[in-house]
Each structure stands twice: as C-alpha cells, then as structure tokens.
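Below is one structure; the comments refer to it alone.
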Amino acid sequence: DLDIAERTARLLGSRVSPRTVHAVDGVDLSIGKGEVVGLVGESGCGKSTLGRVVAGLLPPSEGKIRFRGKDVAGLKGAEARDAALKVQLVFQDPMSSLNPRSRVDEIVGEAPRVHRLVPRGELNGYVDGVLERVGLDPSTRKRYPHQFSGGQRARIGIARALAVNPDFIVCDESVAALDVSIQAQILNLFMRLREELSLTYLFISHDLGVVEHISDRIAVMYLGRIVEEGEAQSLFSVPNHPYTQALLAEVPTFETRRRAYSPVKGEIPSPLDPPPGCHFHPRCPHAFERCRAERPALKAVAPGRMSACHLNDRA
Ligand code: SF4
Ligand code: MG
C-alpha cells in the first residue's frame, strides 16, 4: 500500500465550550505513515483538544483534516466510515472509558459487530485473537473491567481500538495513570504493535520521559500553539525553544511524573486570554521587547527542525 497515511491538522481554533476557546490555534502538523509523533506540553496546553480533532471526535472550527491526502470533511458514506474507523483514540483513563457493565468480549467486539467488520459466526474467535495480540488471556473474555488490574485495563482499551483494524492511533496520556513499571510494559506493547501492524501514532503526554523512548518526532505545544518540532533525539539533545529547554530542565522524577503538574516556573496563563506576542513571554527568561508585541512564526531553524522564537532572528 503506497498510499501515504497522512493526516494534516491545520486548525485555527476548536469549539470546546459555548464560548469559542482557541484551545488549538493555527497548528499545522503532518504525520507520515508508520511514524510516531510525540506531542508534549503541560496540562491545559491544548494537546488533548488537538488529539480529539485529529481523531475526528471534535470538528475544527476552521481548517482541514486530511487523511491519505483527502479532506475528511468531504468524505461520504462508506468512505467516511472507513476513514473514521482507521483513526482510533486510546484514552487516558481506561477505568472511566470502559463501560463497567460490559464484559471484555462485548467491549472489544462491539465496534466490529456494529460495523459488520467480521462475519457473525467468527466474532468470538476474532475477539480472542485481538485479546491475545495485546497480551490478555482469551479465557478472561467474560469478565468485567473492575476484575482486571490497571495495566490489564490499559490493554483492554488498546484491544478495543485495535478491533477495528486502525492505521492510526491517537494515544492521549494512555499510560499516565499507571505505575512506572507497568507504563514500560504498555509502551513496549505499543511499540510491538506498531511493528506488527504498521501503525502510526500520535502520542500525547505531559511526560517527556514517556515520549522520548517511543517517538521519531516530537512536537512541543504551549497554549494552543506548536512552538517546536523536530526529530526526537536531536530535539532532546539540542532544544531550540526556551519553553522546550525549560521542560527538559525539569524532566519529572518518579514521584512527580504521575501528577498533573507545572514544571516550568510561573503559572500557565488562561487559554481564554493568552498573552499577546509570544504566548510564552511572561515566563521566558530571554524575553525582549519584540516578544511582547509580535507572534513568532514556526519556521525552520535547522534541517528537520522548526521553532517559533524571535531569538532565532538575532545574529
Ligand atoms: Fe522567549 Fe521571546 Fe523566544 Fe518567546 S519569542 S520564547 S518570549 S525569546
Ligand atoms: Mg489532557
């Protein structure tokens, strides 16, 4: 399949409440087939909103989502359904996203049954295969979510997403609620599944330690804008943007990584009323006059690296 699975989100804001909050503002992000892109930033920066828009759960108020080169808003009927199923979201908290009154086989088998992806008589065997693929014993198929451990529930959430045979998975803080050792197991599972099924991921996390291991490319988000983007290893070793530098200086430790926290000095301003110019200027140690007045554009600062900081224009 030479078709490039590319989903481009060019968003100029998303309606997330009766009042239009530009939780995501002018983001342009392309993800190539088979790529893992890590989307990082502090809580409340718009990562989840962007993830929901990419996964088709939230329409962009302006702009386009393209999948395999086609604008998804223009798709109809079976083509629209297929595009929707090909992109799946794995949620942050499996306990709140799994129906406590549904058995595992119902949870995993529901979408294939509703969308008739598998002949009726083959559904049980199909569900068992999906459970095995994520490391769950098929003999547990009649159990309910509360009868599983946190790590197993994470696997159930992944199995539900995989059951419709997606190409692209948006993981929103999918391991944040887990103990560190279980996190590592689930991240390894994501990586194995990527190999086995040629999956593409947008991996959303506030935890740089989580995305570092699995991402080919990293996009750093601050108050609804991508401020830096580049190849993962080089971005970690030579961060360009002062916000990325601040995040990396505070890579969370064991004790802090499970909390929603604000590692960079100063409060995150309200997304309802973001500071003018560079949104980061009130917290930036390098801010100068221009930063308060003019929005820095995201532009190439090195091969494969984009950054939105006026410092790059200074000699
Ligand atoms: Fe700091 Fe100015 Fe760069 Fe923004 S544009 S990150 S305020 S130096
Ligand atoms: Mg979030």
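The values are calculated or read from the model by the stated rules, or taken from the named source; none is laboratory data. Note that the coordinates shown come from a computational prediction; the quantities given were computed from them, not determined experimentally. Cβ atoms come from the backbone with ideal geometry, glycine included; neighbour counts cover every protein chain shown.
Report yes if some residue within the stretch 114-126 is within 22 Å of GLY56 (Cα to Cα), at pLDDT below 95 and not in a loop (DSSP other than H, G, I, E, B); otherwise report no.
Within the stretch 114-126, one or more residues are within 22 Å of GLY56 (Cα to Cα), at pLDDT below 95 and not in a loop (DSSP other than H, G, I, E, B).
List pairs: first residue in the stretch 36-51 and closer than 16 Å to CYS171 by Cβ and assigned to a loop (DSSP other than H, G, I, E, B), second residue of a type outside the set (Gly, Ala, Ser) and modelled with pLDDT of 90 or more anywhere in the structure, Cβ distance under 6 angstrom, at least six positions apart or on different chains.
These pairs meet every condition: GLY41/MET221; GLY41/TYR222.
Can you pull out the residues in the stretch 192-216 that are assigned to a helix (DSSP H, G or I) and either of a type in the set (S, T, N, Q) or surrounded by 18 or more Cβ atoms within 10 Å (Cβ to Cβ) (or both)?
Taking the stretch 192-216 and keeping what is assigned to a helix (DSSP H, G or I), we get 192-197, 208-214.
Residues satisfying the conditions are LEU193, LEU208, VAL210, VAL211, GLU212, ILE214.
Scan the stretch 129-176 residue by residue and report those that are crowded, with 18+ Cβ neighbours inside 10 Å, touching a residue at least 40 places away in the same chain (Cβ under 8 Å) and of a type in the set (D, E, K, R).
ARG133, ARG153, ARG160, ASP167, ASP172, GLU173, listed by residue number.
Looking at this structure, is SER174 in a helix (DSSP H, G or I) and hydroxyl-bearing (Ser, Thr, Tyr)?
When the stated conditions are applied, SER174 does not pass them.
For the stretch 206-225, give me the residue count where each residue is within 14 Å of ligand 1 (Cβ to nearest atom) and under 13 Å from the mean Cα position of the chain (by Cα). Walk me through it before giving the result.
Keep residues of the stretch 206-225 that are within 14 Å of ligand 1 (Cβ to nearest atom), which gives 220-223, 225.
Of the ones still in play, those that are also under 13 Å from the mean Cα position of the chain (by Cα) are 220-221.
Matching residues across the stretch 206-225 total 2.
Hey, among the residues in the stretch 52-89 that are part of a helix (DSSP H, G or I) and under 16 Å from GLU35 (Cβ atoms), which one's modelled with the lowest pLDDT? Walk me through it before giving the result.
To start, the set of residues in the stretch 52-89 that are part of a helix (DSSP H, G or I) comprises 52-54, 72-74, 77-86.
Right, trim to under 16 Å from GLU35 (Cβ atoms) and you get 54, 86.
Numbers: VAL54: 77, LYS86: 87.
Going through the qualifying residues, I end up with VAL54.
Table: residues versus (1) assigned to a loop (DSSP other than H, G, I, E, B); (2) within 16 Å of ligand 2 (Cβ to nearest atom); (3) at pLDDT 90 or above.
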site	(1), (2), (3)
PHE190	no, no, yes
ILE218	no, no, yes
GLY230	no, no, yes
ASN240	yes, no, yes
LEU248	no, no, no
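Please pick out the residue among VAL114, VAL108 that is surrounded by 21 or more Cβ atoms within 10 Å (Cβ to Cβ), out of contact with any His (no Cβ under 6 Å at 6 or more places or on another chain) and among the aliphatic types (A, V, I, L, M). So that I can check it myself, show each step before the final result.
Details: VAL114 fails: surrounded by 21 or more Cβ atoms within 10 Å (Cβ to Cβ).
Of VAL114, VAL108, the one residue that is surrounded by 21 or more Cβ atoms within 10 Å (Cβ to Cβ), out of contact with any His (no Cβ under 6 Å at 6 or more places or on another chain) and among the aliphatic types (A, V, I, L, M) is VAL108.
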